[in-house]
Amino acid sequence: STAQSYWRTALGSAAGDPQKLAQLEALATLWGWRNEQMEVLARRFDINPGDQSAFTDLMDFYRRAGRTAEPVAVLSSYVSAHPADQVQQANLAYYSMLSGINLSRAYITAQETYRSSPKEPRYQAVYAFALWKQRRAQEAWEILDKVPADKSQLVPVRLLRAAILADIDRKEEALRILTTFDPKNALPEEASIASVLRSRLKSDSRLTQLY
């Protein structure tokens, strides 16, 4: 549309100018253009990755929209400005692993955050996910078995628990736990893991009579 064409031109001309970007953000907010508002906010965040408010708004928006790759870029910028923030380091590792971005670095970060506080449920779950991704299911289970189902606040523990149990040949338990996983608020990659796992388990003739 003509309006969108003008918008793209205005956004291009405002690049790198915080004042012009703030004006465009105000216009997008006034017009109810939520996607464009977040696009401007992302440009502003690129200029000032220490902006906590912009960081929170962007992460909430991308999570709700199911856009998993964008948080990797946001988190990368944020942790470059806040390298001591272990929570966001763990978040970056998880979103990177879900998106398949910088996997080697993500595995290392997951291990480092876990070692920094091995009793923290978020770090336990992220590291267990990293181990599972590396096909080290038994090691992953030894860590995840200690994590209460609703304590991670990031990784869907029920889903990961089911995936790991399936890989260590405890498939009846895996399918039982998988039935308690609610994909309603899951990211697309998490929902895909659940779908593939459900198909895999239900194709097992030993389980078809149980569920």
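Do we have ALA3 as among the hydrophobic types (A, V, I, L, M, F, W, C), over 30 Å from PRO156 (Cα atoms) and either part of a helix (DSSP H, G or I) or at pLDDT 95 or above (or both) here?
yes
With respect to ARG64, is the statement that it is assigned to a helix (DSSP H, G or I) and open to solvent by 60 Å² or more (accessible area, probe 1.4 Å) true?
So ARG64 passes the test.
Using beta carbons and a limit of 8 Å, which pairs, at least six apart or on different chains, have the first residue in region 150-171 and more than 17 Å from LYS184 (Cβ to Cβ) and of a type outside the set (Ser, Thr, Tyr) and the second one open to solvent by less than 80 Å² (accessible area, probe 1.4 Å) and not in a helix (DSSP H, G or I)?
If the second residue must be open to solvent by less than 80 Å² (accessible area, probe 1.4 Å) and not in a helix (DSSP H, G or I), the pairs left are ARG161/ALA149; LYS171/ASP204; LYS171/LEU207.
Can you tell me how many residues in region 109-150 are β-branched (Val, Ile, Thr) and either in contact with a Pro (Cβ under 6 Å, 6 or more places away or on another chain) or on the phi > 0 side of the Ramachandran plot (or both)?
The qualifying residues number 1.
Filter region 24-40 down to residues that are part of a helix (DSSP H, G or I) and small (Gly, Ala, Ser) and give me whichever is most open to solvent (accessible area, probe 1.4 Å).
ALA26
Take the residues in region 196-211 that are of a type in the set (Lys, Arg) and at pLDDT 90 or above; name whichever of them is surrounded by the fewest Cβ atoms within 10 Å (Cβ to Cβ).
Within region 196-211, the match that is surrounded by the fewest Cβ atoms within 10 Å (Cβ to Cβ) is ARG200.
Open to solvent by 40 Å² or more (accessible area, probe 1.4 Å) and out of contact with any Gly (no Cβ under 7 Å at 6 or more places or on another chain), is that true of ARG43?
yes
Sort out which residues of region 67-90 are open to solvent by less than 20 Å² (accessible area, probe 1.4 Å) and outside any helix (DSSP H, G or I), and write them in order of number.
Passing the criteria: only THR68.
For the subset of region 6-20 comprising residues that are in a helix (DSSP H, G or I) and among the aliphatic types (A, V, I, L, M), which member is surrounded by the most Cβ atoms within 10 Å (Cβ to Cβ)?
Per the criteria, the residue is ALA14.
The values are calculated or read from the model by the stated rules, or taken from the named source; none is laboratory data. Predicted model only: the values in this text are computed from it and were never measured. Virtual Cβ from ideal backbone geometry, glycine too; neighbours counted across all protein chains shown. SASA here: full protein model, heavy atoms, side chains in, ligands and nucleic acids out. Shrake-Rupley method; radii C 1.70, N 1.55, O 1.52, S 1.80 Å.
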